[in-house]
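Computed from the coordinates by the stated procedures, all read-outs in this text should not be read as laboratory data. None of the values given here were measured: they were computed from a predicted structure. Neighbour counts are summed over all protein chains in view; Cβ atoms, including those assigned to glycine, are modelled from backbone coordinates with ideal geometry.
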Amino acid sequence: MLRTQEYVEKNKEQFLDKLFQLLRIPSISADPAYRNEVARTADEVASQLRLAGCQSVTVFNTAGHPIVFGEHIIDPALPTVLVYGHYDVQPPDPLDLWETPPFEPVIRITETHPQGAIFARGSCDDKGQAMMHVYAFEAMVASGELPCNVKFMIEGEEEVGSTNLATFCQENKDKLSCDVVLISDTSVIANDIPSITVGLRGLSYVEVEVTGPNKDLHSGVYGGAVANPAQVLCDMIASLKDDKKHILIPGFYDDVLEVSAEEREAMNTAPFNKQKYMDGLGVNATMGEEGFTVLEQTSIRPTLEINGIWGGYIGEGAKTVLPSKAFAKISMRLVPNQKSDVITSLFAEHFTRIAPPGVKVEVRPHHGGEAAVTPSDTPEYQAAAGAMQKSYGKTPIPVRGGGSIPIVALFEKVLQVKTVLMGFGLDSDDIHSPNEHYGVFNFYKGIETIPYFYEEYARLKK
Ligand code: BES
Ligand code: MN
Ligand code: MN
């Protein structure tokens, strides 16, 4: 991979320029107003993939946003790597909290990124990380050192649940046949502490609506006698956890696969500085399920969180009003072997049951997904570990991630193939938050590491 690495070294500027072009297009999948921008991003990804040397590139239209699919088969006898990533991004709101506009990428030096970080929505999640694969591929093709067949599937609906991608996978099993799925959409512990993600949580997401009186009322004339849906919603949500932050929905923990004491001990040896963690978030304490460390609370334990809550008057000044309705968006992160649809029904049944007289409650399920485990005793993990060993000079630590990439469980189910989660972001890169950024070091480290993965994987599969 010597020539490949030389090519990478010589083309760093060019790779960064190409990434910047993509970051300038606002591919916000959740907002219908950006439909054309999302499509334009798909075309730009496809065109960069073609320029990188990929033999066949197609943009597949779906009922939602397009899927970019590329195929480069050099020898059917060689193993095939399927690279998955997403070019869609989260909405950038709240806009006024961005120091520079979300779709005008700039490099700024920060404390965690002394070599500079690219500030833009999608820089880390996931345009920057997905495109590292395209540029690493370009380097391997250009230097004649590509050791595997490659397929690329870069989608535009990850941030909205990948519904159409799931259908696409079920309908195109042959097209997607591969030996391993490789994804960079997670993080490392720190730039000098490489790690590989060996598990992701599942997700159940619901929206609830509590309705009281048939219209907004004067809070003096009626308040005190009529159920206030905002108050009722708060009471109902508060009752979902006890003071140990244990979730009280009956059956919620029934399917949770308890992690052994040894495994818990091992995971807690991962470097973690609680004071630094709190300082970075501007809080003076952490809060979570009793009996578990922060690392455990954010990986092997299921959670229930309010993502948004509203109702009544939220404009300037004070308006005395007893609202007719109140709403909340609630997510539950799941662990093996909880099932997303089972948890959604348990929530819906329980939440409807605890509604007091005087209100009506509706629970509307959103997208969900299953947890995934990507064990460390497989050749694909070993290939990733070997690759990081080469580029970082250190053995990576296996860690379980707290976020979700629902398509991973589906790849395993539908394609019967294992995934490697070799991400290069940092948890502090503010993905989904204002001022999302991705280290220039991380971007180049990824491009350097990926060819080593191919090399190691081809060697291990021989
Ligand atoms: N890349 C993230 C998931 C992630 C981030 C995993 C960091 C591990 C560490 C992904 O784009 C994402 O945000 N997923 C969503 C789920 C989806 C169904 C909307 C999530 O985790 O909230
Ligand atoms: Mn992502
Ligand atoms: Mn995301």
Pairwise centroid distance, computed over Cα atoms, of the stretch 240-263 with the stretch 372-448, Å: 27
Highest average packing first - 130-140, 261-271, 407-417, 379-389, Cβ atoms within 10 Å: 130-140, 379-389, 407-417, 261-271
Pairs from Lys394/Lys462; Lys215/Lys325; Lys12/Lys151 whose Cα-Cα separation, in the structure shown, is over 20 Å: Lys394/Lys462; Lys12/Lys151
Distance cut-off 18 Å, percentage of C-alpha pairs in the stretch 66-218 lying past it: 71
Sorted peptide list for 312-323, 290-301, criterion being average Cβ within 10 angstrom, highest first: 290-301, 312-323
Dipole magnitude of the stretch 35-151, debye to nearest 20 (Cβ charges: Lys/Arg +1, Asp/Glu -1, about Cα centre): 260
At 0.890 mPa s and 25 °C, Stokes diffusion of the stretch 334-415 via Kirkwood alpha-carbon radius, µm² per second: 152
Of Ile154, Thr186, Thr112, farthest towards positive along the dipole that unit charges on Lys, Arg, Asp, Glu beta carbons give the chain: Ile154
Area projected by the alpha carbon convex hull of the stretch 130-190, averaged over all directions, nm²: 5.8
The stretch 365-462: C-alpha gyration tensor shape, a/c 1.5 cut-off, then a/b vs b/c: oblate
Dimensionless Rg/Rh of the stretch 98-154 - Kirkwood Rh, Rg from C-alpha atoms: 1.11
Estimated dipole of the chain in Debye, rounded to 20 [Cβ of Lys and Arg +1, of Asp and Glu -1, Cα centre]: 220
Net dipole in debye of the stretch 375-462 [+1 Lys, Arg Cβ; -1 Asp, Glu Cβ; about Cα centre; nearest 20]: 420
Convex hull of Cα atoms in the stretch 270-425, direction-averaged projection (nm²): 14.2
Charge-dipole axis of the chain as Lys and Arg at +1 and Asp and Glu at -1 on Cβ define it, positive-most pick from Gly439, Gln14, Phe252: Phe252
Cβ-based exposure ranking for Asp174, Asp88, in which fewest neighbours within 10 Å come first: Asp174, Asp88
Whichever lysines have a C-alpha closer than 23 Å to that of Lys10, once near sequence neighbours (fewer than 8 apart) are set aside: Lys18, Lys127, Lys390, Lys445
Quotient of C-alpha Rg and 2.2 N^0.38 Å, computed over the stretch 10-122: 1.23
Spread of Cα-to-Cα distances over 5 Å intervals beginning at zero, given as percent, for the stretch 166-314: 1, 6, 11, 13, 14, 13, 12, 11, 8, 5, 4, 2, 1, 0
q = 0.06, 0.08 Å⁻¹: log10 I(q)/I(0) that the Debye formula gives for the chain, counting C-alpha atoms only: -0.28, -0.50
Residue-by-residue Karplus 3J(HN,Hα) for the stretch 309-320, coefficients 6.51, -1.76, 1.60, Hz, glycine and proline x: 8, 7, x, x, 8, 10, x, 4, x, 10, 10, 7
Cα pair distances exceeding 18 angstrom across the stretch 235-313, given as percent: 55
Environment charge of Phe411, counting only residues whose C-beta is closer than 14 Å and scoring Lys/Arg +1, Asp/Glu -1: -2
Unit charges at the beta carbon, dipole of the chain: most positive-side option, Asn273, Gly317, Thr62: Thr62
For Leu200, Leu78, order by how many other beta-carbon atoms lie within 10 Å, fewest first: Leu78, Leu200
